Each structure stands twice: as structure tokens, then as C-alpha cells.
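Please treat every number below as a calculation from the coordinates, not as lab data. Being a predicted model, the structure only gives us computed values, none of them experimental. Here Cβ is always computed from backbone atoms with ideal geometry, including for glycine, and neighbour counts include all displayed protein chains.
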Amino acid sequence: NVNLKINGLSVSAPKDATILEAARLAGINIPTLCYLKDVNQIGACRMCLVEVKGARSFAAACVQPVGEGMEVYTNTPALRRSRKNTLELILSTHDKKCLSCVRSGDCELQRLAREYGVDESKYEGEKPHYELDASAAHMIRDNNKCILCRRCVGACAEQGIGVIGPNRRGFASHIGCAFEMELAETSCVSCGQCIVACPTGALYEKDDTAKVFEAIGDPEKVVVVQTAPAVRAALGESFGMPIGTNVKGKMVAALRRLGFDKVFDTDFSADLTIMEEANEFIERVKNGGKLPLITSCSPGWVKFCEHYYEDMVDNLSSCKSPQQMFGAIVKTYYAEKENIDPSKLFVVSVMPCTAKKFERGRDDQAAAGVQDIDAVLTTRELASMIKRAGLMFESLPDEEFDMPLGIGSGAGVIFGATGGVMEAALRTAVETLTDTKLEGEALDFKEVRGTKGIKEATYKVGDLDVNVAVVSGLKNARMLLDKIRAGEANYHFVEVMACPGGCVNGGGQPIQPASVRNNTDIRALRASVLYNEDKNLPIRKSHENPVIKELYDTYLEKPGSHKAHEILHTTYVK
Ligand code: HC1
Ligand code: SF4
């Protein structure tokens with residue numbers, strides 16, 4: 001550790017800490033805009049400037065390391081003037097249409113502008129004007145609100161994709177794709193990690209709330225909603241609740257009050273995915289099929305695989321994702337059971353994910369001859385609908401999902417965290433292959449839990465030593481796939497989630513500002529919601545879900561049956 005003084009206070013900080021981190025230890029927040037820990041550490045925006053005694057110029061606290069005996073000042077009149085000026089310059093090219101901006105109220109620029117009392121029109125002059133890029137299925141890029149902080153660029157590079165970056169120089173400098181291509185023309189995988197990294201309203205998901213409100217208001221339609229496992233772990237944040245609060249019951253109550261005819265749970269179809277995927281795994285092992293089997297529920301990952309690892313597309317499980325299986329079952333089994341014309345059913349998904357908006361429109365996702373899913377909302381869009389409907393979220397009662405598609409096992413719940421799909425599949429595969437019953441602690445496959453980017457383990461399943469790997473974040477996926485390709489790793493089963501930490505950290509989740517992201521393990525807090533729910537559920541294995549059993553007994557016959565293939569499986573692009 002080194003000892004230094006910050007604003008006259010003695011502080012001891014690790015020797016590789018930055019001034020920003022040391023100040024935080026002393027309870028002092030230095031404002032930042034471009035800095036996002038591990039994603040963008042370039043010291044470019046000049047908001048975090050501090051005075052260091054004896055230095056000739058101000059230092060950028062986000063990149064400047066601490067030193068023994070250093071004397072730092074974070075809040076002098078000169079610094080306040082400098083920061084105010086920086087903000088006024090940023091605003092000189094900003095369109096300042098804040099009233100209806102999707103980020104109004106949680107925009108980091110807006111907050112700083114207010115705190116520093118900026119004069120919005122100080123540098124009014126020529127302004128660049130950019131067309132919106134609405135080409136992609138999942139998001140819109142509005143450069144008129146971009147402040148060139150490059151957090152999105154860092155997020156995309158961290159995903160190992162790198163399709164956005166700075167174009168041109170000087171006044172014409174802007175973030176875009178190579179050769180000014182539209183996002184849809186690039187290999188963007190729709191993960192939305194750029195959106196949750198953006199401090200302003202320059203990046204946002206395509207808004208489907210109007211379409212959903214309209215369907216709800218249409219008396220001809222039966223509107224069914226499903227919620228992904230990870231949504232309950234984060235929706236509360238949009239209403240000021242602490243990160244890591246499980247709001248399942250209030251979420252269900254809110255959806256019912258919004259007017260959905262049925263409120264169901266994606267956990268149910270996560271269980272269904274496990275039935276099909278565990279069966280696929282067993283079949284591939286028995287029949288010498290392509291291994292490792294790689295999960296296919298994360299659409300950003302699937303797109304990534306199709307784009308960059310074409311030779312491994314056959315490793316992908318042919319299972320549709322739980323989102324799509326849900327829609328497929330509603331429009332076939334449920335429609336028949338309830339005697340509803342599938343074309344009258346409107347199935348909405350609430351997802352922590354922006355790539356689900358893209359997945360919905362993929363080929364071969366229409367089991368009943370109509371699209372399996374009609375609209376996908378992010379967690380943020382659901383929050384906005386709840387607010388617009390005037391529902392006081394915090395005071396809603398806790399309610400239960402509707403039956404029959406509202407039952408999920410604990411295995412389905414943990415899908416939303418990295419390692420969850422693997423653990424869920426193992427619970428079912430081990431019991432199926434070994435004729436043993438897993439109880440208590442034996443149900444926890446702890447080695448594949450936790451937020452580490454790459455996890456490996458070997459489990460004894462019957463006579464077989466099953467080597468598994470779990471990765472989240474596409475940069476990690478790249479590393480692992482390269483190892484597999486080079487024959488340096490011998491896995492049987494691999495789980496890949498596109499977003500670092502899995503769905504809980506998806507691109508559609510409530511946006512936490514850098515000041516929170518830099519100092520809190522959001523992924524772990526949200527994941528703990530799911531593992532706690534799993535621990536306390538009476539049913540923790542997919543194959544013990546009674547509705548799943550009934551579905552096979554009365555309709556699908558058995559996992560991997562002809563009918564199951566027609567409804568629940570899909571194909572990929574090579
Ligand atoms: Fe996910 Fe999945 S876990 S992909 O992360 O397999 O989005 O939560 O709904 O489909 O169940 C997301 C979450 C989600 C699917 C499931
Ligand atoms: Fe990059 Fe993902 Fe944003 Fe596409 S959605 S630009 S892949 S970060």
C-alpha cells in the first residue's frame with residue numbers, strides 16, 4: 001500500500017490503484033464520463049481531472065496511479081471551472097432534446113450538467129447532424145446524443161466484436177461502423193452491451209411498447225406474456241430498489257394489471273429446453289455425434305458462432321431457446337388445449353436481452369405456421385410500461401404466475417446466470433444416465449457457478465467422465481473455441497452466454513451508471529437472486545416439473561420425438 005493525502009485526508013491505497021479508486025476509498029466521488037472499469041480506461045473526457053501538488057498540469061484521476069506521499073485535490077475552484085467548461089463544450093454539439101429522451105432522469109451527462117450548473121447555450125454554433133441508424137433488429141444509434149466517450153466502443157471490443165469505432169477526425173469525428181456501414185450490415189451480434197455502457201441516450205433498444213399496448217387493447221387477441229429468469233433479478237432497480245432484489249411476485253402483479261390475459265414464466269420452457277438438450281447430449285454421446293455439444297439459448301452467441309465459427313455450427317444444440325420454445329408451445333399445445341386459433345394468440349416476451357428481438361425474427365421459428373413470438377420487450381421497456389400505466393410498483397402485492405405454463409423448477413430459474421444452463425442440464429443428465437437421485441448438496445454443481453469468464457469441471461456421469469466448460473462474454477467464447485478448434489481441449493458439453501455474467505447482465509437490463517458499475521459486482525448480486533430462489537423451490541430439477549411431465553405424456557410423447565423436433569428444434573445458417 002501507499003500513503004497519500006486527498007483533500008487533506010490521509011488515505012492508504014493499494015499501490016496499483018488509480019487516484020479515482022483511492023479517492024473512492026476515502027469516500028470521495030470524482031466525476032467521470034468516459035471511464036468504465038475494465039471496459040474503457042482512456043482518460044479522454046477530462047471530467048475526472050484533479051490537482052496533484054507539484055505537478056505542472058491537472059491529472060486524469062481514472063488513469064493516474066497513486067504515489068507515496070502524493071497530495072491530491074479533487075474539488076478546487078479551478079477544477080470546478082474546468083469541469084463546467086468541459087461539459088459546456090460537450091453540450092455545444094449535443095442535440096439537448098432531453099424532455100422525451102429514453103435516458104432522461106438516468107443520463108450521466110444530464111446529471112453532471114445539473115450538478116455543475118452549466119450554461120447550455122454557451123458555445124452555441126454549428127452543429128453536426130446525423131441520421132439515426134435504425135438498421136439493426138434490436139437497437140437504434142443516435143449520434144446526435146453521442147459524447148464520443150467511447151464506452152460503447154470499449155464494450156463492443158470487450159465482446160471481441162469491435163464493429164463500432166471512431167470515424168473521421170476533429171469536428172467530423174463520430175462513432176460509426178467501418179466505411180460508414182449501417183450496423184445491420186456488420187457482424188454485430190445484437191448483444192446490447194454497448195447500450196448498457198452508454199452514459200447518454202445515444203444508444204437504445206427498439207421500442208416495442210406501443211405494439212404491445214395495442215395488442216393488449218385489441219379485444220380479438222389473447223395476449224400472453226412470459227418473463228425470462230433474469231428479469232425478476234433486476235426489474236426492481238428501475239424502481240429504485242437495491243440491486244439483488246427478487247421482484248418476481250410484484251412483476252407478475254404488474255403484468256396482470258397491465259392487462260395481459262395470461263402471465264407465464266420462461267422458467268417453464270427453460271425446463272423444456274433441458275429435457276430436449278439433455279436428451280440430445282445423451283444421444284450424441286451414445287451415437288458418436290458431434291461433441292462438444294454447445295448450448296444455443298443465447299441468440300447473440302448463436303449469431304456469433306454463425307459469423308465467426310462457421311465450422312462449429314454443427315456443435316450447436318438444435319434446441320430452440322427457451323423464449324422460442326415457449327412461443328411454440330403456446331401456439332401449438334396450449335392453443336389446442338384451450339381451443340384458441342393460434343393466429344389470435346399474441347405472445348410477448350420480457351427479456352434481459354436485446355438479441356432476443358433479433359432471435360424472434362430468425363427463420364424456422366414458427367411452429368404453428370405463425371411466428372412463435374410476436375414481440376420482445378427488454379426489462380427496461382417493461383419498467384417504462386409499468387410507469388406509464390401508473391402502477392406503484394413497490395406497493396403491489398406479490399402474485400403467482402398463471403397455470404399451467406407458470407411453473408418452473410429451480411433448474412429453470414438459474415438459467416439466467418452463467419453456468420445455470422449447465423447445472424440444470426447436469427441435474428437431469430446425471431439422474432437419467434445413472435438412475436440415482438440427486439438430493440440436497442448433490443444438486444449444486446458449484447464448480448460451474450460464479451461470475452468467472454471461463455469455468456471448467458469434470459463430472460462423473462455413470463461410466464463417463466464428462467468434461468464441461470462454461471463461458472460468458474464473447475471474448476472468452478473466442479478463447480475457448482480457439483482451444484477446441486486447435487484440439488487443445490476435450491470437452492463434451494459447453495455452455496456459452498453472450499453477455500459477461502450471463503443474462504443477469506444482459507443488454508436489456510436496467511442501466512446502472514458508471515459510478516455504480518465501477519464499484520459494485522452487479523452480476524454477482526443479480527445472480528444471487530436466482531440461486532436463492534432455486535434453493536428455496538420445492539422442485540429443482542427440470543424433469544420433475546409436473547407440467548413438463550404432462551406435456552410429454554399427453555402431447556410430445558418423449559424428448560427428441562418427431563413432434564418435439566418439429567416444434568422445439570431449429571436450424572442454423574452456415
Ligand atoms: Fe436468458 Fe434464456 S436464460 S437466454 O439468459 O436460455 O434473455 O434470463 O430468457 O430464451 O430461460 C435471456 C435469461 C432467457 C432463453 C431462458
Ligand atoms: Fe457491439 Fe453488441 Fe453493440 Fe452490436 S450490440 S455494436 S455487437 S456491443
Residue (of Pro352, Ile340, Ala366) at the positive-pole extreme of the stretch 329-392, dipole from beta-carbon charges: Pro352
What is the distance in Å between the Cα centres of the stretch 396-413 and the stretch 429-480? 26
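Students often check this: by mean Cβ neighbours within 10 Å, which of 260-272, 146-158, 210-222, 130-142 ranks highest, and how do the rest follow? Don't jump to the answer; show the numbers that get you there.
Values: 260-272: 26.8, 146-158: 22.8, 210-222: 14.2, 130-142: 18.9.
The peptides rank, most packed first, as 260-272, 146-158, 130-142, 210-222.
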Let me see the pair-distance distribution of the stretch 232-278: every alpha carbon pair, 5 Å bin width, integer percents in order. 5, 20, 18, 18, 18, 12, 6, 2
Relative contact order for the stretch 2-75, counting Cα pairs under 8 Å that sit 6 or more residues apart, in percent: 41
Once label points are set 7 Å from the Cα along Cα→Cβ at both Glu550 and Ala44, what is their separation, rounded to one decimal in nm? 5.6
With Cα coordinates, the longest principal axis of the chain makes an angle with the long axis of helix 474-485, in degrees rounded to 10, of 50
How much FRET efficiency would the formula 1/(1 + (r/R0)^6) give for Asn490 and Glu182, where r is the Cβ-Cβ distance and R0 is 41 Å, rounded to 0.05? 0.50
Hypothetical label at Asn287: residues of the stretch 541-561 whose amide nitrogen lies under 18 Å (7 Å Cα-Cβ projection): 557-561
Net charge around Ala355, counting only other residues with Cβ within less than 11 Å of its Cβ (Lys, Arg = +1; Asp, Glu = -1)? +3
What aspartates and glutamates could a cross-link reach from Lys37, if we take a straight Cα to Cα line under 16 Å and drop same-chain neighbours fewer than 8 places away? Asp16, Glu21, Glu108, Glu158, Asp521
So for each of 331-339, 200-208 I average, over its residues, the number of other beta carbons within 10 Å; can you give me the resulting order with the highest mean first? 200-208, 331-339
Note the full-extension length gain between Ile454 and Asn339 as 0.36 nm times their separation in residues minus their Cα-Cα distance, in nm to one decimal. 36.8 nm
Within the stretch 467-574: Cβ-based charge dipole about Cα centre, in debye rounded to nearest 20 (Lys, Arg +1; Asp, Glu -1): 360
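Given Cα pairs under 8 Å that are at least 6 residues apart, what percent is the relative contact order of the chain?
Details: 1145 pairs, mean separation 89.9, N = 574.
Here the relative contact order equals 16 percent.
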What is the gain in length, in nm to one decimal, between His129 and Leu464 on full extension, counting 0.36 nm per residue of separation less the C-alpha to C-alpha distance? 114.4 nm
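Would you mind checking the pairs Lys206/Lys356; Lys290/Lys483; Lys248/Lys344 and listing those with alpha carbons more than 18 angstrom apart? Walk me through the numbers on the way to the answer.
Details: Lys206/Lys356 12 Å; Lys290/Lys483 16 Å; Lys248/Lys344 28 Å.
Going by Cα-Cα distance, Lys248/Lys344 fall outside the 18 Å limit.
Could you work out the relative contact order of the stretch 91-205, using alpha carbon pairs under 8 angstrom and six or more residues apart, expressed as a whole percent? Before the final figure, lay out each step's value.
On the way: 156 pairs, mean separation 36.1, N = 115.
For the stretch 91-205, the relative contact order is 31 percent.
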Would you calculate the separation in nanometres between label points at Lys53 and Leu89, each defined as 7 Å from the Cα along the Cα-to-beta-carbon direction? 2.9
Expressed as an acute angle from 0 to 90° and rounded to the nearest 10, what is the orientation of the C-alpha long axis of helix 522-535 relative to the principal long axis of the chain? 30
Quick one: what Rg and Dmax do you get for the stretch 51-174 from the alpha carbons, in Å? 17.4, 53
Of Val573, Ala26, Ser542, which is farthest towards the positive pole of the chain's charge dipole, taken about the Cα centre with +1 and -1 on the beta-carbons of Lys, Arg and Asp, Glu respectively? Ala26
In the structure shown, of Lys84/Lys145; Lys221/Lys262; Lys337/Lys549; Lys262/Lys337; Lys357/Lys387, the pairs separated by more than 20 angstrom at the C-alpha atoms are Lys357/Lys387
Which of Val163, Leu382, Tyr130, positive extreme of dipole for the chain (C-beta unit charges): Tyr130
In a Debye calculation with equal point scatterers on the alpha-carbon sites of the chain and no solvent, what is log10 I(q)/I(0) at q = 0.06, 0.07 Å⁻¹? -0.32, -0.43
List Leu4, Leu87 from most exposed to least, where exposure is judged by having the fewest other Cβ atoms within 10 Å. Leu4, Leu87
